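Just below is one structure, and these are the notes that go with it.
Derivation of every value follows stated rules applied to the coordinates shown; laboratory data play no part. Note that the structure is a prediction, hence the values are computed from the model and not measured. All Cβ positions, glycine included, derive from the backbone under ideal geometry; neighbour counts span all protein chains shown.
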Amino acid sequence: MTQHDKIARRLARRFGTIYKSNKGIDIVTPDRVIEVEVKKGGVAQGIQQVIRSSKARYLAVPPLLRKLAEEATKGTGIGLLGPAGAILKRARRG
């Protein structure tokens, strides 16, 4: 199992939903969407995945990508979660 799958499954359990490993946003709950990214090159793509959602939007990243993700999400309203679901940066709507 990949690091991405491990994080996504852990978050899905924490938020009481299922991880959809096929195309689309990894985790969708009634009030938020979460895209898991574990590679530098995936951060921009993850932002594009969630940017148009009307729900609270989050990227979940491992500690090594936190700084990069913080910079990349500045001014977007997209929040950040740690790999266990801790909120590192709160999402803002619209």
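Assorted remarks:
- For the set Lys20/Lys67; Lys20/Lys40; Lys20/Lys74; Lys23/Lys55; Lys23/Lys67, the pairs lying more than 24 angstrom apart at their alpha carbons are Lys20/Lys67; Lys20/Lys74; Lys23/Lys67.
- Mean projected area of the convex hull spanned by the Cα atoms of the chain, taken over all viewing directions: 5.3 nm².
- Antiparallel %, DSSP beta bridges [both residues in the chain], to 5: 35 percent
- Net charge of Cβ neighbours under 12 Å - reference Ala69; Lys, Arg +1; Asp, Glu -1: +2
- Net +/- balance of residues flanking Ala12 in space, Cβ distance below 10 Å, scoring K and R +1, D and E -1: +4
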